[in-house]
Amino acid sequence: MKKIIITVIPIILIFAYLFWPEKIISYPAGQTAPDQPIQKNIVTPKEWQRDEFHIKALAEYKIKARVLSRNNFSIGRESELSPFDFALGWGPMSDQEVIDKIEVTQSNRWYHWETKSYPIPRQEISLNSANVHIIPKDDLLEDKLSDVYKGSLIEMSGYLVEVTAEDGWHWKSSVRRDDTAGGSCELFWVEELTILNNEEF
């Protein structure tokens with residue numbers, strides 16, 4: 001009997017993960033994060049080590065944004081540093097009326113969007129959204145990031161970084177907001193996180 005129970009529990013957990021409705025936060029119409037991300041040059045070089053990874057700050061970074069989508073990772077070298085990707089939107093991409101007309105998805109370490117009718121110009125979608133690889137500074141912050149849902153309004157601050165390892169492996173953040181091709185994602189070492197509201201309106 002015990003063996004049957006042990007076998008059934010993982011199956012139940014898998015079905016719950018696959019079919020349990022995703023929690024989504026909605027807001028009234030209007031821009032909830034109207035400002036552009038704040039990026040500042042590094043005045044004093046800042047570098048540090050985490051396990052096998054050497055981390056170098058490229059810029060100070062602070063952002064207030066809506067979470068358009070999130071993706072969790074547990075496999076792959078990158079996941080040792082970054083267990084979450086957030087697709088983030090600010091400006092017009094933080095307006096619920098706009099968000100509701102655009103389907104945002106994530107696969108691997110990329111994000112994609114599509115729409116049947118553009119609620120704002122195509123370029124505005126690209127310039128006011130980004131896929132961000134999140135590196136929490138410690139376990140406490142990682143636990144807090146688990147409470148961020150699709151639609152959450154959040155503020156984060158820390159550094160855009162470049163990560164290297166002795167065997168030549170490297171991962172580098174974009175430091176531009178207007179790029180869209182490979183290498184355009186932000187690699188964000190997050191030191192502070194504020195979840196501004198996680199209640200559905």
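The values are calculated or read from the model by the stated rules, or taken from the named source; none is laboratory data. These figures come from a predicted structure and were not determined experimentally. Reconstructed Cβ throughout: ideal geometry from the backbone, glycine too, with neighbour counts over all protein chains shown. The area values use the complete protein model at the heavy-atom level, side chains included, leaving out ligands, DNA and RNA. Shrake-Rupley method; radii C 1.70, N 1.55, O 1.52, S 1.80 Å.
A quick yes/no check of all residues on (1) without any contact (Cβ under 8 Å) to a residue 12 or more places away in the chain; (2) β-branched (V, I, T); (3) under 23 Å from W171 (Cβ atoms):
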{"position": "D35", "(1), (2), (3)": "no, no, no"}
{"position": "K62", "(1), (2), (3)": "no, no, yes"}
{"position": "G76", "(1), (2), (3)": "yes, no, yes"}
{"position": "D100", "(1), (2), (3)": "yes, no, no"}
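Screening K144 with (1) touching a helix residue (DSSP H, G or I) at 6+ places or on another chain (Cβ under 9 Å); (2) within 22 Å of P37 (Cα to Cα); (3) at pLDDT 95 or above gives one miss only, at (1). Look through region 56-84, keep the residues that are modelled with pLDDT under 95 and of a type in the set (D, E), and return whichever of them is farthest from P136 (Cα to Cα). Result: E78. Screening V190 on (1) over 21 Å from E60 (Cβ atoms); (2) in contact with a helix residue (DSSP H, G or I) (Cβ under 7 Å, 6 or more places away or on another chain); (3) open to solvent by less than 30 Å² (accessible area, probe 1.4 Å); (4) of a type outside the set (D, E) shows it passes everything except condition (1). Filtering Y111, Y118 for residues that are touching a Ser or Thr at 6+ places or on another chain (Cβ under 7 Å) and aromatic (F, W, Y) leaves a single hit, Y111. Here region 71-116 is the region considered, the condition is being touching an Asp or Glu at 6+ places or on another chain (Cβ under 7 Å) and among the charged types (D, E, K, R), and the residue that is least open to solvent (accessible area, probe 1.4 Å) is R109. The residue that is surrounded by the most Cβ atoms within 10 Å (Cβ to Cβ), counting only those in region 21-48 that are part of a strand (DSSP E or B) and not hydrophobic (A, V, I, L, M, F, W, C), is Q31. For region 49-70, the tally of residues that are hydrophobic (A, V, I, L, M, F, W, C) and surrounded by fewer than 18 Cβ atoms within 10 Å (Cβ to Cβ) stands at 1. With respect to the conditions (1) of a type in the set (V, I, T); (2) part of a helix (DSSP H, G or I); (3) at pLDDT 95 or above, I11 lacks only one, and its number is (3). If the condition is being hydroxyl-bearing (S, T, Y) and within 22 Å of P119 (Cα to Cα), then region 27-85 contributes Y27, T32, S69.
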